[in-house]
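This report concerns only the one structure given below.
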Amino acid sequence: MQSNQCSFCGRSKSEVEMLVSGQEAYICNQCIGQAYSIVKESDSDTKNNKELSLENLKKPREIKAFLDEYVIGQDRAKKQLSIAVYNHYKRLLYTEKKEKNDVELEKSNIIMIGETGTGKTLLAKTIARELDVPFCIVDATVLTEAGYVGEDVESILSRLLMMSDYNVEKAEKGIVFIDEIDKIARKSDNPSITRDVSGEGVQQGLLKLLEGSIINVPPQGGRKHPDQKYIQINTQNILFIAGGAFDGIQDIIERRLNKQVIGFNKEKIEKAGDKEEYVLSEINAIDLRAFGLIPELLGRFPIITYLDKLTKESMIRIMKEPKNSIVKQFVELFKMDGVELEFTESAVNTIVEETLEKGLGARGLRGTTEKFLEDYMYNVGSEKKITLL
């Protein structure tokens, strides 16, 4: 070997930026970078490949306690979501160790119903922080039936595969949150009138994913890279959680009950505290079918839960209490410029009331707060202390 030449790649000193000499050997800066990446990846795999066991599994109470730090209220949904995730872990353990004659545990996919801004997506994102399995959020509104403009249902698994660093074994143990599931409801009661390519067609395509079967997945998406090799993924152990606003579902529930809810069961309404909450508490698969979801799809979502409508009191708590609350975020943002920001009770009430008028739910709190702080942020640094009245 020539002197002043990398012992790994063979490049000469003139071809690289740096050549480090050792005892009778040399290594260039490029090979150092590659070696560092390999070591870092190896360390990451070692950390991520902790043996899963019942002892180190977080119990549903612990998962819910973590959700409580970031999500205000919605105890019913948090409880059911925690149970579903815990059972998903246990099912993975059981599947790995079970014998041929053992009972086969089926997964319980879950569907969450609630108005916009009540916390469906936030619950999914928050629980992702606590998971050791791949997790992805996909939007059902972009999906269309195969062969039409839009994305195929297989793109859901492409996203999961990407979040798993293209490790098929990890992806097959993942969790998928399908947002806006109500947007693929059947557009007509009569499916033969026209081809419903973004509604019933998508629901039909989702069936094989939800049930558990081997799917050919294009790793880079379906249509832009037609020459790519497909990767086979078994969806049997993938947990699916769906969420949607289902605007108008309350009218469907009331029609099914065939009674005016006010005056019909006064005790139950008073216990629930709100007419809308009582109506939603009566929801079942019949109502979702009337809304436009096909029976085959509903059969694959055995758990149906709903999120309560946010009240003024809960919105105020959302502003102040979570670990990453909006008040705490903006206080930290101003602190970076050496400015002390203080929100009075009156300011928080005003922000919440204006947000409730817009009907955007908790999602609208940030926009309203930004509007209130616009002039202060523009002139940041001119004052050392700001008190919002």
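The values are calculated or read from the model by the stated rules, or taken from the named source; none is laboratory data. Only a predicted model underlies this, so the values are computations on that prediction, with no experimental measurement involved. FYI the Cβ positions are ideal-geometry reconstructions off the backbone, even for glycines, and counts take in every protein chain you see. Quick note on the areas: whole protein, heavy atoms, side chains included, nothing else; ligands and nucleic acids left out. Shrake-Rupley method; radii C 1.70, N 1.55, O 1.52, S 1.80 Å.
So for each of 84-96, 5-17 I average, over its residues, the number of other beta carbons within 10 Å; can you give me the resulting order with the highest mean first?
Result, highest mean first: 84-96, 5-17.
Provide the per residue accessible area, probe 1.4 Å, for the stretch 290-386, rounded to a whole number of square angstrom.
55 Å²
Determine the per residue accessible area of the stretch 49-99 with all protein chains present and a 1.4 angstrom probe, expressed in square angstrom.
On a per-residue basis, the stretch 49-99 sits at 58 Å².
Please go through the residue pairs LYS90/LYS320; LYS320/LYS384; LYS59/LYS358; LYS309/LYS384; LYS59/LYS328 and name each one whose alpha carbons sit more than 27 Å apart in this structure.
LYS90/LYS320; LYS59/LYS358; LYS309/LYS384; LYS59/LYS328
Sorting check: for 177-184, 300-307, which peptide has the highest mean count of neighbouring beta carbons within 10 Å, and how do the rest follow?
The densest-packed peptide leads the list: 177-184, 300-307.
Any of LYS79/LYS371; LYS173/LYS229; LYS79/LYS120; LYS120/LYS229; LYS78/LYS107 with alpha carbons more than 24 Å apart? Name them for me. Can you show the working numbers first?
Values: LYS79/LYS371 35 Å; LYS173/LYS229 22 Å; LYS79/LYS120 13 Å; LYS120/LYS229 35 Å; LYS78/LYS107 18 Å.
Flagged as over cut-off: LYS79/LYS371; LYS120/LYS229.
Order these peptides, 239-249, 353-363, 370-380, 158-168, by their mean beta-carbon neighbour count within 10 angstrom, highest first.
239-249, 158-168, 353-363, 370-380
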